[in-house]
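Report on the following structure.
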Amino acid sequence: NPDLKFGFPMDNTIGGTSQPNGFTAGSSTEDWVAFYSERRIGHQLQLAGDGYCSNLWNVDIAPRLNALFDGIDVQPSILHGDLWSGNIGSVDNQPTIYDPATYWGHHEAEWGMSWCAGFGPRFWEGYRTVIPQDEGFVERKPLYDAYHQLNHYNLFGGGYLSSARVDLERVKKALDARKA
């Protein structure tokens, strides 16, 4: 990714769900927000077909989403994209990760599976020794969780949709608190 843009040169999958990519025109935080809004959450919402979540996103969240990124400079990082304990193993006693949903994105997006990743606190503490927590992470985390909750709903159905709703409502509440 010599131009340091968000996305990936080809579409791929996350589990069995299509994951649209392509590269953004630029590499600014605003480009990241547009990419994530359209090619991650927007795509999953379209597949889910849930009017409540779509309306919440399109009316109350997406138009104000940049406000959650005030004060930080999002730089493209290569992401696994589907990081959980089922996608790790070892070969010759060396850690190995596989089954990626790879793209260049905001490093915090990797936390989107932490609700079910099966990694202990030492893993996440180690992560933070390499990449410290940015201001506002706690407000943005439900945004990244919602993507994976929606994807799980699209793959498996069930209660994942209500979890995605809760996450999106938390994002709206964070934006409301910022008076964005």
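The values are calculated or read from the model by the stated rules, or taken from the named source; none is laboratory data. Since this is a predicted model, take the numbers as computed values, not measurements. Glycine also receives a Cβ, built like all others from the backbone with ideal geometry; neighbour counts cover every protein chain displayed. Just the protein is used for accessible areas: all its heavy atoms, side chains included, with ligands, DNA and RNA removed. Shrake-Rupley method; radii C 1.70, N 1.55, O 1.52, S 1.80 Å.
Points worth noting:
- Of residues in segment 93-113 being more than 19 Å from Leu150 (Cα to Cα) and at pLDDT 95 or above, the one most open to solvent (accessible area, probe 1.4 Å): Trp104
- When Cys116 is tested against (1) assigned to a loop (DSSP other than H, G, I, E, B); (2) surrounded by 20 or more Cβ atoms within 10 Å (Cβ to Cβ); (3) modelled with pLDDT under 95, exactly one condition is not met: (2).
- Exactly one residue among Tyr153, Tyr127, Tyr144 is open to solvent by 30 Å² or more (accessible area, probe 1.4 Å), hydroxyl-bearing (Ser, Thr, Tyr), touching a residue at least 24 places away in the same chain (Cβ under 8 Å) and not in a loop (DSSP other than H, G, I, E, B), and that residue is Tyr153.
- Number of the condition not met by Gly158 [criteria: (1) under 14 Å from Asn66 (Cα atoms); (2) of a type outside the set (Lys, Arg); (3) not in a helix (DSSP H, G or I)]: (1)
- Against the list (1) over 17 Å from Phe6 (Cβ atoms); (2) in contact with a helix residue (DSSP H, G or I) (Cβ under 9 Å, 6 or more places away or on another chain); (3) in a loop (DSSP other than H, G, I, E, B), the condition Pro132 fails is (2).
- Within segment 166-180, residues that are under 21 Å from Gly51 (Cβ atoms) reach no partner that is charged (D, E, K, R) and open to solvent by 80 Å² or more (accessible area, probe 1.4 Å) with beta carbons closer than 9 Å at six or more positions or on different chains.
- Residue check, Ala174 buried (at least 18 other Cβ atoms within 10 Å of the Cβ), out of contact with any Pro (no Cβ under 6 Å at 6 or more places or on another chain) and part of a helix (DSSP H, G or I): yes
- Conditions (1) modelled with pLDDT under 95; (2) in contact with a strand residue (DSSP E or B) (Cβ under 7 Å, 6 or more places away or on another chain): number failed by Ile78: (1)
- The residues of segment 70-81 that are surrounded by fewer than 19 Cβ atoms within 10 Å (Cβ to Cβ) and touching a residue at least 60 places away in the same chain (Cβ under 8 Å), listed by number, are Asp70, Gly71, Ile72, Gln75, Ile78.
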